[in-house]
Amino acid sequence: MEKRITLKIAKIVDETRDIKTFTFNHSLGAKPGQFIMLTDFEGGEKPFSISDCSKNEFSITVKRIGDFTTRLFQKCVGDYVSIRGAYGSSFFVSNKKVLLVGGGYAVPTFNFLAKVLLETGADITLINGACTRAEHVFDNSFKNLNINVINTTDDGTLGEAGTAVEIAQKIIAQGKFDFVYASGPELMMKALQNVIGDLEYEFLFERYMKCAVGICGSCTMDPSGIRLCVEGPVLSKRKVEKLTEFGKYHRDASGKRIKF
Ligand SMILES: Cc1cc2nc3c(=O)[nH]c(=O)nc-3n(C[C@H](O)[C@H](O)[C@H](O)COP(=O)(O)OP(=O)(O)OC[C@H]3O[C@@H](n4cnc5c(N)ncnc54)[C@H](O)[C@@H]3O)c2cc1C
Ligand code: FES
């Protein structure tokens, strides 16, 4: 297991009422798609994707959901948390014409990915989807990257009206993409898989995680028992196609199956 380190929160940005970005001055050396395990010393340890990573700092972007993330939201700049990682697989870095399809709090990981893809000269189109304007994130960050961004909201309060997948279906039919990346709710990725045709893709999955180093088995996916914390969280098309639980169920802390 990698060494645990204690870090001071260097910066906090309120992205929406329920989403905040926490930045730390630390050289993490992560790759896009990887995650860290974070604890606040008060019980529990949770996985979070890396939304930005440079030589001397990195960020995570967190949605307030339950007890743990509610406690995290009470932290201030200068407070301490403890992390380990970065863990897991990372996104393939294409230098071609790529489509990034993101939804909700899972979109910010594409900020980090897009920066790395730009370095290789990739031609990037990003669909940044959310249910509604108040939940839409990272608009300015993506504008600053100078990539082709299509904002969507299910209710039409920002950008195009419709789901990220509906927009993806339209532009996949029009344009020639070489590779598709997705990060978002699992049902969004399942719907995307149904409209993606023959294109190569990688999806970022979330499952309940405890050890994050492949020992406890909490994050395995049927039928092969692939460990999402080691072989994932980014899975290739070949691996995704073999999953029988994709879009159907996940497991809680006790291992009980929960339907989506
Ligand atoms: C690889 C990976 C990357 C993630 N990246 C982000 C991110 O960038 N931003 C973000 O806001 N959230 C991310 N999550 C989800 C985040 O870990 C959970 O939302 C968080 O643990 C919720 O904790 P809670 O106590 O506030 O809520 P809880 O009340 O404990 O749970 C709320 C929901 O989160 C799920 N959950 C709880 N604990 C875990 C866990 N340890 N692993 C996976 N799911 C869990 C539960 O199944 C439940 O559906 C990621 C999860 C994984 C596996
Ligand atoms: S979280 Fe323990 S094996 Fe993945």
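The values are calculated or read from the model by the stated rules, or taken from the named source; none is laboratory data. Just so we're clear, the structure is a prediction, and the values are computed from it rather than from any experiment. We place every Cβ from the backbone using ideal geometry, glycine too, and count neighbours over all the protein chains shown.
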Exercise for the section: Could you run through region 233-252 and say how many residues are more than 7 Å from ligand 1 (Cβ to nearest atom), in contact (Cβ under 8 Å) with a residue 12 or more places away in the chain and assigned to a loop (DSSP other than H, G, I, E, B)? Expected result: 7
Problem - Unmet criterion (only one of (1) basic (Lys, Arg); (2) within 16 Å of ligand 2 (Cβ to nearest atom); (3) surrounded by fewer than 16 Cβ atoms within 10 Å (Cβ to Cβ)) for Arg84 - result: (3)
Completion exercise
Within region 172-208, the residues that are in contact (Cβ under 8 Å) with a residue 60 or more places away in the chain and in contact with a Leu (Cβ under 6 Å, 6 or more places away or on another chain) are Phe177, Val180, Tyr181, Ala182, Ser183
Handout entry: Enumeration of residues in region 211-223 that are within 13 Å of ligand 1 (Cβ to nearest atom) and either farther than 13 Å from Phe35 by Cα or in contact with a Leu (Cβ under 7 Å, 6 or more places away or on another chain) (or both)
Key = Cys216, Ser218, Cys219, Thr220, Met221
Fill in the blank from the handout: Per the list (1) free of Cβ contacts under 8 Å to residues at least 40 places away in the same chain; (2) farther than 19 Å from Asp123 by Cα; (3) not aliphatic (A, V, I, L, M), residue check on Gln169 breaks on (2)
Handout entry: Positions within region 20-76 being away from ligand 2 (no atom under 16 Å from the Cβ) and among the hydroxyl-bearing types (Ser, Thr, Tyr), in sequence order
Key = Thr21, Thr23, Ser27, Ser51, Ser54, Ser59, Thr61, Thr69, Thr70
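Residue check: is Leu192 of a type in the set (A, V, I, L, M), away from ligand 2 (no atom under 14 Å from the Cβ), at pLDDT 95 or above and in contact with a helix residue (DSSP H, G or I) (Cβ under 9 Å, 6 or more places away or on another chain)? I'd like the intermediate steps shown before the answer.
Values: of a type in the set (A, V, I, L, M): yes; away from ligand 2 (no atom under 14 Å from the Cβ): yes; at pLDDT 95 or above: yes; in contact with a helix residue (DSSP H, G or I) (Cβ under 9 Å, 6 or more places away or on another chain): yes.
Judged against the criteria, Leu192 is a match.
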Handout entry: Flag if Thr70 is surrounded by fewer than 19 Cβ atoms within 10 Å (Cβ to Cβ), near ligand 1 (Cβ under 9 Å from one of its atoms) and over 17 Å from the mean Cα position of the chain (by Cα)
Key = yes
Problem - Top-ranked residue of region 100-152 - restricted to ones that are more than 16 Å from ligand 1 (Cβ to nearest atom), hydroxyl-bearing (Ser, Thr, Tyr) and within 18 Å of the chain's Cα centre (by Cα), ranked as surrounded by the fewest Cβ atoms within 10 Å (Cβ to Cβ) - result: Thr125
